[in-house]
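What follows is one structure encoded as structure tokens, with my remarks underneath.
Derivation of every value follows stated rules applied to the coordinates shown; laboratory data play no part. Small disclaimer: the values here were computed from a predicted structure and weren't measured. As a convention, Cβ positions derive from the backbone with ideal geometry for all residues, glycine included, and neighbour counts pool all protein chains shown.
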Amino acid sequence: QKEVEQNSGPLSVPEGAIASLNCTYSDRGSQSFFWYRQYSGKSPELIMFIYSNGDKEDGRFTAQLNKASQYVSLLIRDSQPSDSATYLCAVDDNDMRFGAGTRLTVKP
Amino acid sequence: KAGVTQTPRYLIKTRGQQVTLSCSPISGHRSVSWYQQTPGQGLQFLFEYFSETQRNKGNFPGRFSGRQFSNSRSEMNVSTLELGDSALYLCASRSLAGEQFFGPGTRLTVL
């Protein structure tokens, strides 16, 4: 059974801090990795897509992939209250598998 | 560029009925995937279509089926509805680069 694991949280950080979200996956052959943000009552919104080892930065967001450790993370710098949402990690193994999500709260 | 659209947005059905959901992908995207999201099971993959062919299928019973048309629009059908089928059904389209974007979803309630 291929698994994608995330800490369910809730993760609470103060405004302006760095939020660190983690995800591990079980299938060593996985190639593509996604981070989505989902606000309550809304559909998931793509934040980052990464497939190479190392870091990928987009604005305040940085995705980090370590295939040897089967680990992918998302860093949110200068966290804002509007970043409060559930963050979903997804791994593409021909069928896309999602973690349960980490609920992030950014306190003003 | 318009995003992924899904119709209807909300649907109420009774047990035993069947339902058809529709999805129009982002223009130029040929891959369409369907997902079911429930509070208990999270986001689960149903199936993926590419150029009118089912490319991958998740672990759902045969009551769940889909198809894709030549214009890349896709439909999903659920027959003999059960209470447990109440969920948010999400469609996503995928670019050739691999990025996947979700539509707003169809909220299905089975009574």
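Counts of other chain beta carbons within 10 angstrom of each beta carbon in peptide A:86-94 average 2.
Around A:E3, under 15 Å between beta carbons, what's the net of Lys plus Arg minus Asp minus Glu among the other residues?
-2
Calculated on the Cα set of the protein assembly as shown, radius of gyration then Dmax: 17.4, 51 Å. Under 5 Å from the amide H of B:G66 lie the amide H atoms of B:N77, each residue being 5 or more positions distant or on a separate chain, with H modelled from the backbone and absent for Pro and chain starts.
In chain B, how does Rg compare with the Kirkwood Rh, expressed as the Rg/Rh ratio over alpha carbon atoms?
Working: Rg = 13.1 Å, Rh = 13.8 Å.
In chain B, Rg relative to Rh is 0.95.
Sort the range B:20-64 into rounded, prolate or oblate with this rule: let a ≥ b ≥ c be the square roots of the eigenvalues of the Cα gyration tensor; rounded if a/c is under 1.5, and if a/c is not under 1.5, prolate when a/b is larger than b/c, oblate otherwise. Here the range B:20-64 falls in the prolate category. Working note: Debye formula, equal point scatterers on the alpha-carbon atoms of chain A, no solvent; log10 I(q)/I(0) at q = 0.14, 0.16, 0.17, 0.20 Å⁻¹ is -0.49, -0.64, -0.73, -0.99. Karplus-based coupling profile of the range B:16-27, in residue order and whole Hz: x, 6, 10, 9, 10, 10, 10, 9, 10, x, 4, 3, with θ = phi - 60° in 6.51 cos²θ - 1.76 cosθ + 1.60 and x standing for Gly or Pro. Spatial offset of the range B:17-43 relative to the range B:72-111 amounts to 2 Å, using the alpha carbon center of each.
For the range A:3-45, trypsin sites (Lys or Arg not before Pro) meeting the loop criterion (DSSP other than H, G, I, E, B) and having at most 15 other Cβ atoms within 10 Å: A:R28, A:K42.
The phi torsions of the range A:36-46, fed into the Karplus equation with coefficients 6.51, -1.76 and 1.60 and a -60° offset, translate into couplings of 10, 10, 10, 7, 4, x, 10, 8, x, 10, 5 Hz, rounded to whole numbers, with Gly and Pro shown as x.
Among the listed pairs A:K2/A:K107; A:K67/B:K57; A:K56/B:K57; A:K42/A:K107; A:K2/B:K13, those whose Cα-Cα separation exceeds 27 Å are A:K2/A:K107; A:K56/B:K57; A:K2/B:K13.
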